[in-house]
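Report on the structure given below.
The values are calculated or read from the model by the stated rules, or taken from the named source; none is laboratory data. What you see is a predicted model; the values in this text were computed from it and never measured. In this analysis, Cβ positions are derived from the backbone assuming ideal geometry, glycine residues included, and neighbour counts consider all displayed protein chains. Only protein heavy atoms, including side chains, enter the accessible area calculation; ligands, DNA and RNA are left aside. Shrake-Rupley method; radii C 1.70, N 1.55, O 1.52, S 1.80 Å.
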Amino acid sequence: MAGQTTTRRGGGLSPSGPPPAPSGQERRHRWRPRPDRLVFWTLGLALFAAGAFWVLHGSPWVRVERVTVEGTGVLTRDEVRRAAAVPRGAPLVSVDADAVADRLRRKLPRIDSVAVVRSWPHEVGLKVTERKSAVLIEKGGKFIEVDDEGVLFATVAQPSRGVPLLEMKAAGSPSRHRFGAERLRREAAGVAAGLPAPIHRETRAVLVRSYDSITLELTGGRTVAWGSPERSEQKAKTLLALLKTARGAGHFDVSAPGAPAVSGS
């Protein structure tokens with residue numbers, strides 16, 4: 001005998017079935033926003049945007065009143081402020097941080113990097129990192145400071161204490177044409193900057209005759225044949241050991257750090 005059916009004639013659902021889904025027309029009618037509400041929300045958003053724009057650009061509440069400077073060593077804070085030229089009284093939101101940083105690096109080459117930070121509601125902070133001298137180039141009785149990337153960034157009347165001189169003697173070397181003076185200077189500065197402190201303290205000059213012929217002049221008239229700038233870390237470790245075991249030597253050759261040589265007394 002056949003079981004009871006769940007539908008009745010005429011297409012109706014039994015009481016146990018799900019309710020009929022609303023038609024597309026009913027849904028559109030149900031979710032249609034009221035015109036007056038739409039106008040209200042649009043007007044509210046426009047007023048909010050206009051108010052926010054006025055607060056940021058037109059009000060006296062968020063304008064530049066202070067410019068602070070951190071991280072200076074040789075430079076003074078006033079020098080940095082003048083070079084940054086952040087307009088006092090300008091809307092804080094209008095300060096172009098990238099333009100300020102570019103202006104500082106252009107006017108003050110001693111600055112390696114700078115972070116320009118807005119501190120709401122009235123302050124612009126300048127966090128400066130200065131370049132450090134790796135070597136000095138003597139010229140005309142003055143000294144040009146060169147950082148570890150070979151950048152010439154300042155000229156001073158007196159040499160910085162503990163910074164070796166760089167002597168470029170590669171004018172007739174084929175490597176000068178192959179690598180260029182700038183590359184040789186950068187490599188030599190990198191060698192000097194990477195020296196361990198005990199060696200760095202005793203290094204008076206770095207001589208560059210070619211890419212493969214860098215020489216260190218140490219205190220006491222001692223010299224070190226460094227060779228090329230390659231494998232500098234291993235060369236430094238070898239030289240440290242030689243300085244301890246051959247204290248009376250006058251010349252050290254670490255150009256091949258696996259087979260160093262010592263001579264002189």
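Run the numbers for VAL74 and MET168: contour at 0.36 nm per residue of separation, minus the present Cα-Cα distance, in nm.
This chain segment gains 31.2 nm when fully extended.
Run the accessible area of region 93-180 with a 1.4 Å probe and give the carbon-and-sulfur part as a rounded percent.
Answer for region 93-180: carbon and sulfur cover 48 percent of the accessible area.
I need to check one value: relative contact order of region 162-265, counting alpha carbon pairs closer than 8 Å and at least 6 residues apart, in percent.
Worked out over region 162-265, it gives 22 percent.
In percent, what relative contact order does region 119-194 have, based on Cα pairs under 8 Å that are 6 or more apart in sequence?
The normalised contact order for region 119-194 reaches 30 percent.
In whole Å, how far is the Cα centre of region 132-183 from that of region 186-206?
The distance from the Cα centre of region 132-183 to that of region 186-206 comes to 12 Å.
Once amide H atoms are built 1.01 Å from N in the peptide plane, which residues 5 or more positions from ARG63, or in another chain, come under 5 Å H to H?
LEU92
Under the 0.36 nm per residue contour assumption, what length would be gained going from the current alpha-carbon distance of ARG81 and LEU152 to full extension?
Length gained, ARG81 through LEU152: 23.3 nm.
Report the far tail of the P(r) of region 185-265, meaning the percent of Cα-Cα pairs longer than 17 Å.
Result: 36 percent of Cα pairs exceed 17 Å.
To the nearest 0.05, what FRET efficiency results for ARG66 and GLU230 with a Förster distance of 51 Å applied to their C-beta separation? Please list the in-between numbers first.
On the way: r = 49 Å, r/R0 = 0.97.
Taking R0 as 51 Å, the efficiency between ARG66 and GLU230 is 0.55.
Set the Förster distance to 25 Å, then compute FRET efficiency between HIS177 and ALA261 from the Cβ-Cβ distance, nearest 0.05.
On the way: r = 30 Å, r/R0 = 1.19.
That pair, HIS177 with ALA261, gives E of 0.25.
Rolling a 1.4 Å sphere over the protein heavy atoms, what is the accessible area per residue of region 150-265, to the nearest Å²?
Computed with neighbouring chains in place, this is 52 Å² per residue.
Please compute the length gained on full extension between SER94 and GLU138, using 0.36 nm multiplied by the number of residues separating them and subtracting their Cα-Cα distance.
Working: separation 44, 0.36 × 44 = 15.84 nm, distance 4.39 nm.
Separation in residues times 0.36 nm, less the Cα-Cα distance, equals 11.5 nm.
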